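Step one of this worksheet: look at the structure below.
Values in this text are rule-based calculations from the coordinates and carry no lab data. All values reported here derive from a predicted model rather than from experimental measurement. So basically every Cβ, Gly included, is an ideal-geometry build from the backbone, and we count neighbours across all protein chains shown.
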Amino acid sequence: MNMSTWAIRKPVPSLALFLVLVIAGLVGFMRLPVTQFPNIDIPIISITIAQPGAAPSEIANQIVKPVESAVSDVTGVNHVSATATDGLASIIIEFDLEVDSDRALNEIKDALAGVRGDLPDSITEPNVQRVDVIGAPILTYAVSDPTQSIEDLSYFVDEVVARDLTGASGIGKVTRIGGGDQAIEVELNPDRLLALGLTASDVNGQLRQNNIDLGGGSGDLAGQEFSIRALGSAPTIADLAATRISLSGGGSVRLDDLGTVRDGAQDAASFAMYNGQPVVAFGVFRATGASDLTAGDNAKGRIAALSSSYPNAEFALIDDATRYTESTYHAAMETLFEGAALAIIVVFLFLKNWRATLITAVALPLSIIPTFIVMNYLGFSLNTVSLLGITLVTGILVDDAIVEIENIVRHVHMGKPAYEASEEASTEIGTTVIAISFTIVAVFAPVSFMSGIAGQYFKQFGLTVAVAVLFSLLVARLITPMMAAYFLRDGTAAEEEKDGALMRGYLRILGWTLRNRFVTLMLGVVIFVVSIFSATLLPTEFIPASDTGRASVSVELPPGSLMEQTRGVARDVTQIIRTIPEVQTVFVDGSDTKATVRIGFGPKTERERSSFEISDQLGVLLAGVPDVRLFVLSEDGKRDLTISVLGDDVARTAAAAQTLAEQMNGLPQVEGASSQASLVRPEIQITPRPELAAQMGVTSAALASTTRIATIGDTGGNVAKFNTGERQIPIIVRLEQDVREDLLRMAGIRIPSSTGAPVPLSVVADVALSTGPTAIDRYDRQYRTTVEADVAKGYFLGQAAEAVNGLPIALAMPEGTAVQAGGDAEVMGEIFAQFGLAMGAGILLVYVVLVLLFASFMTPVTILMSLPLAIGGAIFALYIYGSGIGLSVVIGFLMLMGIVTKNAIMLVEFALEEMKTGTPKAAAMLEAGHKRARPIIMTTIAMTAGMVPSALAVAEGGEFRAPMAVAVIGGLLLSTVLSLLFVPSLFSVVEGGRTRARRAMVGVLGANQPRET
C-alpha cells in the first residue's frame, strides 16, 4: 500500500498533518522579516588608522604597506583593499566565506599588534572592527531648528536622536550626515608669540596639562575617607581666556593676550543640503536580521515622538527606501495571487469540472504556507531573491496536483467510482509525480550551494524553491488523491472521449516522426544548433535597471577647491534639477571637493515618465555646468561599467588607466569614460636643510609637529579639552587665519630647538609650492586606478565589457600593469560562472535521481537529451522582448530545465509501463503521446498563465522579474511542442540501442540475462 492509498483509506492523519503545517506556516510567515536583499554574512574586517596632517603618500608608505604585509599573511584572507587619504588609512580585509568572522577579527588584531612597532608614533590607536553588510540606510531625514546653531543641532542628532532611535526594535545604527562639531577656538598672534618666546605647540601643551580635572587618590580625615580631585578645568570660556601661560624666562601671560579665544566649531569635513538649504541629516540603518518595514515603522514612530517633545525641531523625510521594499513585496505577492488564479482558471477550462479544479487550487496554499516554516527556521527573509523563488514556483506547485487530478479524472471518465479511480490513478502516476518533483529539486538545490557572494545571495532562492516543491509533492501524494476520493462524483458509465482535431493531427505527426526517426532527430539537432547559435547573438547584462524612483548625480571639483565652492556648485546643481516637474526631493551629501546629489521622483505609479527618461533629461540639463566632473549615476549610485587597472607603480598605473579611458571613449558601446586616477592637488612642501637643522637642533618631527599645530591644531589625545559639565569640547590652538593663508608669514613661524631659542622655519627648511595626489588606492598590495563609464543607449553591459576587453591596450597592457573587471561586470562574471557550475551539478543530480527511479542507466539519457529543446524558445522570446541574458534570465533557464525534464518523464514513464504489458515500442510511444499530451499541455499553459503577471512588469520591482518570465514563457511553449514530437523518437532510438547493446553483451561476453518472473 503506497502513501496515496494510505491517505485515501486513513484521511484523518493527513488532514491533521497539514492543519498543523498550515498554522505553523502562517506563524512563520508573520515572523519573517521583509528586506530588500537577503541577509548575508561575509567575513569582512576594516582597519582605520589616523595620522593627522599626513599626506596620502606618507600614509600609503608608512602605514598602508606595512599593515597590508602583516594582514595578508593571515590564513583565509581573500582580498585586501586600502585607501590612503589626508591623515587617514582605510584598509578592508575580505576573508573566504568559510572563515568565522570572530576568528578573523581576532587574527587581524594579532597581526596588527605585531606590526604596531613599525608604524609612526604619531598615529592614533588603530580601530579594528567587523563590517556588517546591511546596505544603504532605510530612512534618511533632515533636521532643522531656527533656535539652534549647526553645531548644537549636530549634537542634538548625535546624542538625542541617535540614542532614541537605536533603542527601537530593528534599528542598528544612526549616522549623521553633514553638520559640525563644537570647539573652543584659540587663534594665536604670531608676533605676540615671537615677542614672548612661545610657540603654538607650547601653548597647546600647557592648556592640555593645566585645563583638566584629575583624580588625586583618596585620604582619611577625621575618621572619614575622602576622594581627592584636582580641578584645573576652567568653568567658563572667560575663565579659559584668563588662563595663565608660563613663559620660558619666568613670569606668565593671559591666554587672551596671545590671541583670540571664542566659542566656535571644528573645521567641517562634510556638509548637507536639502532642496538647496543647509541642514543636518542622518541615516537610519536596520539591524542585521531585522525587517526593513519593522525598523522603518519603529523609526517613524520615534521621530514623531521626538517632534512632539522638541517642537522647534523640524524633521523632513528625504528618502524612504522602505517604500520601495514594501511596494516590491506587495507587488510580488499580488503577482503570486494573480498567477495562481490564472493557473487555476486554465485547469478549469481543460477539466470543465469545478470539483477537480477546487482540489487543484487547494494544492497551492498547502504547498507555499508550510514553506514559510522552513524559511523562518533557516533565518531567511521575504526579499527580492526569495520572493522571486516563490513567484517562479507558482506554476510548478500546481503541476503535481494537475498531473494527479487529470489522471484521476480520466479514470473516473472510464466509469470507475471516484474512490477506486483515485486509488488506481494515484498508484499509476506515483512514479511520474515523484520523478518530476525530485528532478526539479535536483535542478534548483545546487544554486543554494554556490560559492562566493553569489552563493550567499541565492542560498535563499534555491532552498525556497526546493522546499516548496517537496511540500507540493507531499500534497500531491496525500491531499489531492484523498480529496478526489471523497469529493469527486463517481463515474456513471464509461465515457469514451473522442479525440479533437488537434489531437488527431498531433497523433498523425507523431506517427510520422516515429516512422522517420532519423529525419526527426536531425531536425532536432538543427533546432538545437540554431538555438545555441542564437544564444550567442543575445547580449548579456547583470540585472535589468529598475525604476526605484531615485537617481544620483556625482559632482567633483578640481583638487584644492574650498568646501564653500563645492557648496556653491551643489546649490546651482540643485536649482537646475528642481526645474524638472517630477523631482520631489534633492539632497546633497558633500565634502571638500566632492558631492553626491540624491534625487527622489516618487513612486512610478504617480508619474507619467519613467526614472530612466528623467535621468536622461538630467544629463542634458547638467551638461552645461562648468569646471566640474559630473555624472548621472544609476539608481544604486554607481556608474554602469567599472574597470580596475592594477600595477606596481603609481605613475605607470595611472598612465595605463588614462590610455584605457581614451580608447574606451572611441567605442560606440561606451560613453563618458574617465580615469579615476587621483588628480594632483596643490601642496606646500617643507624640506629641511640637513646641516643647518642639525646645527640648530631641529628635527623633521619637530618641523612637522609645529606646522601641524600651527595650521590645523593638535588632534586626538593631544588636544586640550574644555569641560562643560556634560561633555568635553576640544580646544583648537593654532595661528590666526590670515597667517595660515599667507605662505610668507607661515615661513616665519618658530620651530622649537634643542639648543635654546626657537628657530624660524625658513632658516632651517625650504618652503615651496608643489603638487601631490589627493588619494592613493591599493588592491591586493598593488596600486589601483579605476576607469568608469556608462553603457551607451541600445547596448548592454556584456557588450560594453566585451568591447573593452578587445581594446589594444587591454590585450597588451604595459609592463607591470594588468586590467581587471570591477563593479557589476566583475560580479556578473562571477555569478554567471557559478550558475554554470550549478546547472552542471543540477543535470548530474537529475541523472542520478532518474537512474534510481527508473533503475536504468540509458532511460535517463533520453530525458536529459531533451533539455536543449527549451533554449530556442527562450532566446526568441527575449529577442522579441528586447532583453539580454541577465541574472533573472539565467534563473528562468533553471526553471525550464525542470519543466522540459518533467515533460519527458511523463512520456517516457508511460511508455515504459505500456511496454511492460507487451505493447510494441512504437505503439507504446503513440499511446504515451495520446494519454500524456493533455496533462503536459495543461501544466504548460498553467505555468505560462502563472508567468504572465510577472512578464507584464506593471508593479514596483517588476523590471527584474519580467525578462525571466518572458524567457520561461517562450521556452515553455516551444519546448512543450518539441518534447511531444522529438522525445518519442529519441526514446525509440535510445531503447533500440540499449536492446542491441544488451544482445551484443550476451553474444560476445556471455553476460547473464535477468530471470523472467
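Extents of the chain, taken as max minus min of Cα coordinates on every principal axis and listed largest first, are 122, 72, 61 Å.
Once the Cα atoms are used to define both axes, helix 11-31 deviates from the longest principal axis of the chain by about 20 degrees. Compactness check for the range 561-715: Cα Rg over 2.2 N^0.38 Å is 1.50.
Once you charge only the Cβ atoms, +1 for Lys and Arg and -1 for Asp and Glu, what is the size of the charge dipole of the range 613-673 about its Cα centre, to the nearest 20 debye?
On the way: 4 positive and 10 negative charges, 34 e Å.
That gives the range 613-673 a dipole magnitude of about 160 debye.
Simple rule: put +1 on each Lys or Arg Cβ and -1 on each Asp or Glu Cβ in the range 1-141, find the dipole, and look at Phe29, Leu97, Gly76; the Cα lying farthest toward the positive end is Phe29. For the range 765-888, the pair-distance distribution built from all alpha carbon pairs, in bins 5 Å wide starting at 0, is 2, 7, 11, 12, 13, 11, 10, 8, 8, 6, 4, 2, 1, 1, 1, 1, 1, 0 percent. The range 530-583 and the range 819-872 have Cα centres spaced 37 Å apart.
What is the dipole size for the chain, taken about its Cα centre, with +1 at each Lys and Arg Cβ and -1 at each Asp and Glu Cβ, in debye to the nearest 20?
Values: 71 positive and 102 negative charges, 810 e Å.
In total the dipole reaches around 3880 debye.
Across the range 547-634, the relative contact order, built from alpha-carbon pairs under 8 Å that are at least six residues apart, equals 45 percent.
Take the convex hull of the alpha carbons in the range 120-254; its mean projected area over all directions comes to 16.4 nm². Projecting the Cα positions of Thr243, Ile479, Thr859 onto the charge dipole of the chain (unit charges on Cβ atoms of Lys, Arg, Asp and Glu, taken about the Cα centre) puts Thr859 furthest along the positive direction.
Phi angles of the range 323-331 translate, via the Karplus equation with coefficients 6.51, -1.76, 1.60 and θ = phi - 60°, into HN-Hα couplings of 5, 5, 4, 5, 5, 5, 4, 5, 5 Hz per residue; Gly and Pro are given as x.
Kindly state, to the nearest 0.05, the FRET efficiency for Thr687 paired with Ser218, given R0 = 51 Å and r defined as their beta-carbon distance. Spell out each step's value before the answer.
Numbers: r = 53 Å, r/R0 = 1.04.
With a Förster radius of 51 Å, E is 0.45.
Taking the C-alpha atoms only, the angle from helix 101-115 to the longest principal axis of the chain is near 30 degrees. Couplings for the range 810-827, taken from phi via the Karplus curve 6.51 cos²θ - 1.76 cosθ + 1.60 with θ = phi - 60°, read 5, 7, 9, 5, x, 4, x, 10, 8, 10, 9, 5, x, x, 5, 5, 5, 5 Hz in order; Gly and Pro are left as x. Short-range pairs are left out: with C-alpha atoms under 8 Å and at least six residues apart, the relative contact order of the chain is 16 percent.
With K and R counted +1 and D and E -1, the other residues having a Cβ less than 13 Å from that of Gly772 yield a net charge of -2. Compared with the dominant principal axis of the Cα atoms in the chain, helix 700-711 is inclined by about 90°.
The residue list Leu88, Pro920, Tyr329 was ranked by how far each Cα lies along the charge dipole of the chain toward its positive end, using unit charges on Cβ atoms, and Pro920 comes out on top. Taken about its Cα centre, the range 547-634 carries a charge dipole of roughly 120 debye when the Cβ of each Lys and Arg holds +1 and the Cβ of each Asp and Glu holds -1. One decimal place: the segment Asp239-Leu194 gains 13.8 nm when fully extended, by the rule 0.36 nm per residue minus the C-alpha distance.
For the range 1-90, calculate the relative contact order in percent as a whole number, restricting contacts to Cα pairs under 8 Å that are 6 or more residues apart. Display every interim value, and only then the final one.
On the way: 56 pairs, mean separation 27.2, N = 90.
Value for the range 1-90: 30 percent.
For the range 91-184, the spread of Cα positions along the three principal axes, ordered from largest to smallest, is 51, 37, 19 Å. Only helices enter this figure: runs of n ≥ 4 DSSP H residues, each worth -39500 (n - 2.57), summed and divided by the residues of the chain, yield -17000 deg cm²/dmol at 222 nm to the nearest 500.
The share of alpha-carbon pairs in the range 547-634 lying farther apart than 16 Å comes to 48%. Taking DSSP loops as anything outside H, G, I, E and B, show the longest stretch in the chain free of trypsin sites (Lys or Arg not before Pro) there with at most 12 other beta carbons within 10 Å. Segment 1-351 is the longest.
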